[in-house]
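Right, one structure below, let's go through it.
What follows is calculated from the coordinates using simple rules that are stated; it is not laboratory data. Just so it is clear, the structure is predicted and the values come from calculations on it, not from any experiment. Cβ sites come from the backbone with ideal geometry, for glycine too, and all protein chains shown count toward neighbours.
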Amino acid sequence: MCLALILLSLSSPVLAQPGEQQRDGVAAWRALQEGRILSIKEIERRVIPTMRDAQYIGFDFEMPSAVYTLKFLRDGTVIWVDVDGRSGQVIGRTGK
């Protein structure tokens, strides 16, 4: 799981230099290991059941803000749910 988090952070379409992306991946891994952020499994456990009738597509993770963005599809519309990785609280939602 940690490797997936690092790879995800390295592959995100951020306009950053490769060194910055790598540092973000390492920072995310450390934050997870130190218990400063929740794992994606815990975030999914909390959020997916609230998105009835929507197909879960996947997630992005943003450091240093520690925000997970979970993506869902419902009736041809993409819905993004932003979740604070520290608390697990939903902090934003776009789509219907």
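Using 0.36 nm times the number of residues separating residue 93 and residue 75, minus their current alpha carbon distance, what extension gain do you get?
Details: separation 18, 0.36 × 18 = 6.48 nm, distance 1.64 nm.
Contour length minus Cα-Cα distance gives 4.8 nm.
Pull up all non-local amide H partners of residue 38: gap of 5 or more, or a different chain, and H-to-H distance under 5 Å with H placed in the peptide plane.
The answer is 86.
Residue 62 versus residue 48, label points 7 Å from Cα toward the beta carbon: distance in nm?
2.4 nm
Dimensions of region 20-94 along principal axes (Cα, Å, largest first)?
Cα extents, longest axis first: 38, 23, 17 Å.
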